[in-house]
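Encoded as structure tokens, the structure appears first; notes follow it.
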Ligand code: PA5
């Protein structure tokens, strides 16, 4: 399936999870996954950790959800933790290593995958396997990987949130306008709180689909470092993209206002060609707000791919690296 077709089908790929429910685990949950699969862990973690989302399980103690993007598991992981490994192909070395470590430590392990070595490992160890449809690029399969994860985490009112996502508009014209502001420039994408994984998704989609560099950072943290970097002209022309939640609190609203003004002052000083793009979430529920911006960013990355005259599908450098690493590992 082409990335372009999947993106146009993005909202419909979110389906209510028949038979999917909360996992029987009330401690820490580590979500392991890389790249297009790993972003689901970032989104789930932001939803669970954000102050704007009710606690996953108000009846019990803290229930942190941590996204993990490396080999093995964090040094503090132990048998009381639950590990959910997500890999579209089921063959990603870092995610397989996390799964093996989870088994070694005696953690509860669940996997979400199309198959591959991850399915085999999970099956051999009697772990729960959620199978996902084959034939998509991993990053274009976001709805297929994210939905079961959110059900496993017991996100409240998920059926209703998915219904809202399915009704989101596909903003092709807005995507075209934004892509024109980003073409041949360095997008610097800034967001806050629950919108942080969305900023990261914009960056990764621009990089993987449009084969163009992008940066992202968090507001307010970027007020303490990266904003200074804008004082001197960078080698590239820059477009600052501000991704805003439509339910941001007063403190965050003031932060964005002040940051925008600071960027405008820097433009006057040294950056006459600096552009600013404002993006605002649509919808009510946390999932719809996040996915409205994810979808817009995905569409922008495809418009940019068109402008950059590249095929958004293949990611040859990633594939070459994976082959090289398995050769080095003697596999
Ligand atoms: O979008 C992509 O193709 C990559 O970012 C992959 O998702 C990443 O390399 C991990 O592979 P997988 O999703 O198969 O675990």
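Full extension of the chain segment joining residue 223 with residue 5 gains 74.7 nm, where the gain is 0.36 nm per residue of separation less the Cα-Cα distance. When both region 21-48 and region 78-96 are represented by their alpha-carbon centers, they are found 10 Å apart. Rounded to the nearest 10 degrees, the angle from helix 35-49 to the longest Cα principal axis of the chain is 90 degrees. The residues 310, 31, 240, when put in order of fewest to most other Cβ atoms within 10 Å, stand as 310, 240, 31. Rounded, prolate or oblate for region 99-168? Axes are the square roots of the Cα gyration tensor eigenvalues, ordered a ≥ b ≥ c, and the cut-off for rounded is a/c under 1.5. Oblate, because a/c is 1.5 or more while a/b does not exceed b/c.
Please state the relative contact order of the chain as a whole percent: Cα pairs under 8 Å, 6+ residues apart? RCO, the chain: 19 percent.
Take the alpha carbon gyration tensor of region 144-241, find the square roots of its eigenvalues, order them as a ≥ b ≥ c, and report rounded if a/c is under 1.5; if not, report prolate when a/b exceeds b/c, else oblate. It is prolate, given that a/c is not under 1.5 and a/b is the larger ratio. The angle between the Cα long axis of helix 93-105 and the main principal axis of the chain comes to about 40°, on a 0 to 90 degree scale.
If you find the alpha carbon centre of region 262-331 and of region 141-194, how far apart are they in angstrom? Spelled out, the Cα-based centre of one part sits 12 Å from the other.
Taking the longest Cα principal axis of the chain as reference, the axis of helix 172-182 is set at about 70 degrees. Taking each residue as 0.36 nm, the span from residue 308 to residue 270 lengthens on full extension beyond its C-alpha to C-alpha distance by 10.9 nm. Computed across the chain, the Kirkwood hydrodynamic radius from all distinct Cα-Cα pairs reaches 20.6 Å. Ranking of 267, 174, 12 by neighbouring Cβ atoms within 10 Å, starting from the fewest: 12, 174, 267. Note on residue 120 and residue 325: the model spin-label points, each 7 Å out from Cα along the C-beta direction, lie 1.8 nm apart.
For region 3-165, the C-alpha radius of gyration sits at 0.97 times the compact-globule guess of 2.2 N^0.38 Å, with N the residue count. Of 142, 215, the sequence from fewest to most neighbouring Cβ atoms within 10 angstrom is 215, 142. For region 168-307, what class follows from the C-alpha gyration tensor (a ≥ b ≥ c being the square roots of its eigenvalues): rounded when a/c is under 1.5, otherwise prolate if a/b is larger than b/c, else oblate? Note, shape of region 168-307 comes out oblate.
Read the figures in this text as sums done on the coordinates, not as results from a lab. Since we're looking at a predicted model, the values are computed, not measured. Don't worry about glycine lacking a Cβ; one is built from the backbone with ideal geometry, like all the others, and counts go over all protein chains shown.
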